[in-house]
1. Looking only at residues in region C:162-189 that are among the charged types (D, E, K, R) and without any contact (Cβ under 8 Å) to a residue 60 or more places away in the chain, which one is nearest to the other protein chains (Cβ to nearest Cβ)?
2. For region C:146-167, does any single residue satisfy the condition of being more than 30 Å from D:Leu177 (Cα to Cα) and touching an Asp or Glu at 6+ places or on another chain (Cβ under 9 Å)?
3. Among the residues of region B:196-206, is there at least one that is within 14 Å of chain A (Cβ to nearest Cβ), modelled with pLDDT of 95 or more and assigned to a loop (DSSP other than H, G, I, E, B)?
4. Against the definition (touching a strand residue (DSSP E or B) at 6+ places or on another chain (Cβ under 8 Å) and facing chain B (nearest Cβ under 9 Å)), how does C:Val213 come out, yes or no?
5. List every residue pair whose Cβ atoms sit under 7 Å apart, with the two residues 6 or more apart in sequence or on different chains, where the first one lies in region D:125-152 and is acidic (Asp, Glu) and the second, anywhere, is surrounded by 16 or more Cβ atoms within 10 Å (Cβ to Cβ) and in a helix (DSSP H, G or I).
6. If we keep just the residues of region A:150-161 that are out of contact with any helix residue (DSSP H, G or I) (no Cβ under 7 Å at 6 or more places or on another chain) and in a helix (DSSP H, G or I), which is surrounded by the fewest Cβ atoms within 10 Å (Cβ to Cβ)?
7. Looking only at residues in region A:233-248 that are out of contact with any Lys or Arg (no Cβ under 7 Å at 6 or more places or on another chain), in a helix (DSSP H, G or I) and more than 8 Å from every other protein chain (Cβ to nearest Cβ), which one is farthest from A:Ile64 (Cα to Cα)?
8. Filter region B:190-224 down to the residues that are free of Cβ contacts under 8 Å to residues at least 12 places away in the same chain and not β-branched (Val, Ile, Thr), then identify the one that is surrounded by the most Cβ atoms within 10 Å (Cβ to Cβ).
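The values are calculated or read from the model by the stated rules, or taken from the named source; none is laboratory data. Remember, it's a predicted structure, so these values are computed and weren't measured experimentally. Cβ placement follows ideal geometry from the backbone for every residue including glycine, while neighbour counts extend to all protein chains displayed.
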Protein chains: 4
Amino acid sequence: MNYPAILEQIHRDIQPYLGTGRVADYIPELAKIPADRFGMAVVTATGDVHRIGDADERFSVQSISKLFACTLAFQLIDDELWSRVGREPSGTAFNSLVQLETEQGKPRNPFINAGALVVTDVLCRRFVSAETALVEFMRRLTGERTVDYDLRVAQSELANAHRNRAMAHFIASFGNLEMPAEVVVDAYCRQCAISMSCVELARAALFLCNGGVVPATGERILDSSSTKRLSALMLTCGTYDAAGDFVFRVGLPAKSGVGGGIVAVLPGEMAVCVWSPGLDSNGNSLAGTLALEWLTTHTGQSIF
Amino acid sequence: MNYPAILEQIHRDIQPYLGTGRVADYIPELAKIPADRFGMAVVTATGDVHRIGDADERFSVQSISKLFACTLAFQLIDDELWSRVGREPSGTAFNSLVQLETEQGKPRNPFINAGALVVTDVLCRRFVSAETALVEFMRRLTGERTVDYDLRVAQSELANAHRNRAMAHFIASFGNLEMPAEVVVDAYCRQCAISMSCVELARAALFLCNGGVVPATGERILDSSSTKRLSALMLTCGTYDAAGDFVFRVGLPAKSGVGGGIVAVLPGEMAVCVWSPGLDSNGNSLAGTLALEWLTTHTGQSIF
Amino acid sequence: MNYPAILEQIHRDIQPYLGTGRVADYIPELAKIPADRFGMAVVTATGDVHRIGDADERFSVQSISKLFACTLAFQLIDDELWSRVGREPSGTAFNSLVQLETEQGKPRNPFINAGALVVTDVLCRRFVSAETALVEFMRRLTGERTVDYDLRVAQSELANAHRNRAMAHFIASFGNLEMPAEVVVDAYCRQCAISMSCVELARAALFLCNGGVVPATGERILDSSSTKRLSALMLTCGTYDAAGDFVFRVGLPAKSGVGGGIVAVLPGEMAVCVWSPGLDSNGNSLAGTLALEWLTTHTGQSIF
Amino acid sequence: MNYPAILEQIHRDIQPYLGTGRVADYIPELAKIPADRFGMAVVTATGDVHRIGDADERFSVQSISKLFACTLAFQLIDDELWSRVGREPSGTAFNSLVQLETEQGKPRNPFINAGALVVTDVLCRRFVSAETALVEFMRRLTGERTVDYDLRVAQSELANAHRNRAMAHFIASFGNLEMPAEVVVDAYCRQCAISMSCVELARAALFLCNGGVVPATGERILDSSSTKRLSALMLTCGTYDAAGDFVFRVGLPAKSGVGGGIVAVLPGEMAVCVWSPGLDSNGNSLAGTLALEWLTTHTGQSIF
């Protein structure tokens, strides 16, 4: 596959779309990022790295952290996780409380905010500092010792975390939180504030294309079956309530964040990360989704 | 009207029902009250007091405090209140978050928990201590200087306030709270913990039957039109999501609390308070509702 | 009470509001009525009739028919009715199917469309022609032999009855319809198409202010207690999902229709009907609601 | 891949599960099928057929017909279809009307009942008899001239179609139906009553593993890209509101029916159909889902 040529063509074709979409503005720190940035990196299972645009610039991973927090929690408590959080698409906005009420405090899946709070609760219970544990995990997956969370972004999130606090207290009211709601929200906001580049995120996701093993170090993260199941979960729940449309157009398991990043994997072949801050109405990167759609079209590769 | 005879008959007939229903147990302090207590007091507009059973024993007013907090807020900011809280029956459980999400953080009415939190926010903004202001107000309405809130009940509520905290943060996320969520929830829990007897509560509500003026002191609480409108609000929204059934059976504007108390008024004639801790499935006192239904049947009096 | 003077003042003051609001247009026949029509009639329990404007012009009663159909069904099967339909405000739009799904086919109350279909089903089961039975009932209540339904309006309704058909089949799917859905919808559309004037409707409602007896003929329609309970139901459920606001502003039990009519009663005193086709966003006559609000303000009379 | 050995092992292991689950009983004709039947057929892209148990016995395809009706509609009007029906998982029960109300008559996807009615409306508009067109299509896909619908099942469905009628009229009320609701429901019930065997259904689905071309005849059904997108849709929406769990466990695009059948495909490799009438709480075949989960475990094949 001629990835360099394909990435270059995508980079050319995407130009008119840069700056469209809406940069997340509910967190002031995120609102400062220029909407026209664009980066993309493909890392193959064999270790080749292909990059274009701002692929080495770090951005706020936001909800993409949910994928790695969930991996860590899955490592720790395995299928016990599913007694506290479901595996179904939510069908409603990512920060909705309605479903939580109907379903008695058990979030639909670990990739909506409510579910991610439960996942963070699992981490808070087992680590002195959940956010440090996740940062360490990201460093191990990427081999980059400088990966960290951005304190200003974390504080900006904490100052605007009314909805997440509401959700945490609500989950607690159903008895589905083991640690204090404030502790969980604090750790959650720090996790979301982790900064990474496209190349780093694609590298971090590579174990998902490689049966659960990090190719560069040989470290096993998950067994083969759990790895497939995590990919399945990304597919049905990874892109907010636009999962159906995303799978229809892109055809790859993926996890997006309101920072404008999207990580996707093609099992056995490659991991890809794209970044562009302008979001569509569902909260997914507008240019990023388009770039991934073109990638599967140009390469003829998807899981279908 | 021969109130003494009517109260005595009600007291006799209600015996088989005492101890039925379910005492509120989500607050440990409330769960300790024996289910078979029963008291009832009628105070006429002319000042006569009729009582039966445990009519002088104080109990936790709980949501009945919403009626008086709303009166106080209405005094303070008049119709401005309705820009922040609605006047419609909720149609769903009193502590639901669903409606709040659909209606963008504007609670349906001041007598469901969400609306009461907004009302408390109004008081917190204007008084150094909202709960002290309300306690003072209750003392003025009743002439009883010993009315106060029960600190153990308040602490018990605070320790179990996950749902109210969730609601306060949720309302804050829509910009409909002026004070910090924690401050509002704290004041709210203290208000709910006010202890009063049937006689005291009936006296406190008497201004509603008297065009807005406290008969004993001549103090004007609300103008005549506002008084009628507050009664209208009690009628459609005062008994959780059983308002329709309550009006159908009892036919009086009323406000109930999970402590087992219900205050009702017949404009121009009398205020009544009944107390019995066993609740029906809607959270209203089971024997209390029955006693009020019998009162309107026996006296032939209702607003219809 | 000087009703003539009060009606004249209302008529003067209402002029600027005529033509505002939106005439119901989902039924083409209704859309033809000029928006600036206005009539009002007060009929006292003693038989005096006061009228102003177009008080003798017939208009389509629409949902006001629900009040009389419910009275008839209540006569027939008494409290058995409440096993098939509830007594609570709906809290959602009058033609919503959502609540019906949550509550397993038992409509919230007889004054929303779903509940009215169940009421009509009761009538269809017991009369050869439900709409003829209702027309006969209206003639008996008013003494007017020419009261009838308008066939063109009925046909116009039937041709646009998708939502009502959906509702009827949906109720049937829960086993809460005894007659075929198509039969019930047909009868329902004819009922709604009954034409009556303000004076006739006020006369028809007079039994509700007179303990259940038609003053003119002495015919008992309902016993005293059932009459009060029907008024209670009007109060909490009679004006679509604006019942709270309506009671707050007007303070009388009432039933409105999208034809622009509103019937209201003050027990022991009078029945009133107002008509003006322009509707507010809740489907209640805009000028009509205002006129009733002024009536209770000017007379100082309401149930509170 | 040694499919014969794998099928035999599945057949042995599944025995304890046969007869568990609940046979669909809302249609009397379906309730007659013994719960312990089990058949399974794998047809490879190269044309090999592997079968076990009752793989040649015909059963009622029910909702599996939605897959082929959607294919046909997609052939006819291509992406225009998505203006009338969405591509998102519903997140609620397959026959819910709630979502339809919130989303103004546009069903979430073509694989829930509401969406399938819109798809059938597309076919009814373009064919004299939509059900005959679909039967013909199934004959072309399978090469079996005797495939047909079962009239008794169709009549049984029609006699119990209240919910579907409600849904069709509801969609019509939003203007999203071109043909009369009754016509659409009639055709829909006949479609669902098509009888086919596991071998026939696996053959019919084979074009989905072969880039849109029927291997046996070379007939192109859809272009390559549309084929992938249809598979994507099966994955996110094909198994009622358990899609997330199904993908997590099985990892294949699939479409199930309450007759107990499930069709699944592994692009490039094979189509499989399993049949066992006992359903789990989501309406998917209990033993069938298990058999498919074991198939992907034993073969190590899934799309992830």
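1. C:Arg165
2. Yes, there is a match, as at least one residue in region C:146-167 is more than 30 Å from D:Leu177 (Cα to Cα) and touching an Asp or Glu at 6+ places or on another chain (Cβ under 9 Å).
3. no
4. So C:Val213 does not fit the description; no.
5. D:Glu131/D:Ala187; D:Glu131/D:Arg190; D:Glu131/D:Gln191; D:Glu144/D:Glu200; D:Asp148/D:Val135
6. Only one residue tops the list, namely A:Leu151.
7. Per the criteria, the residue is A:Phe246.
8. The selected residue is B:Arg220.
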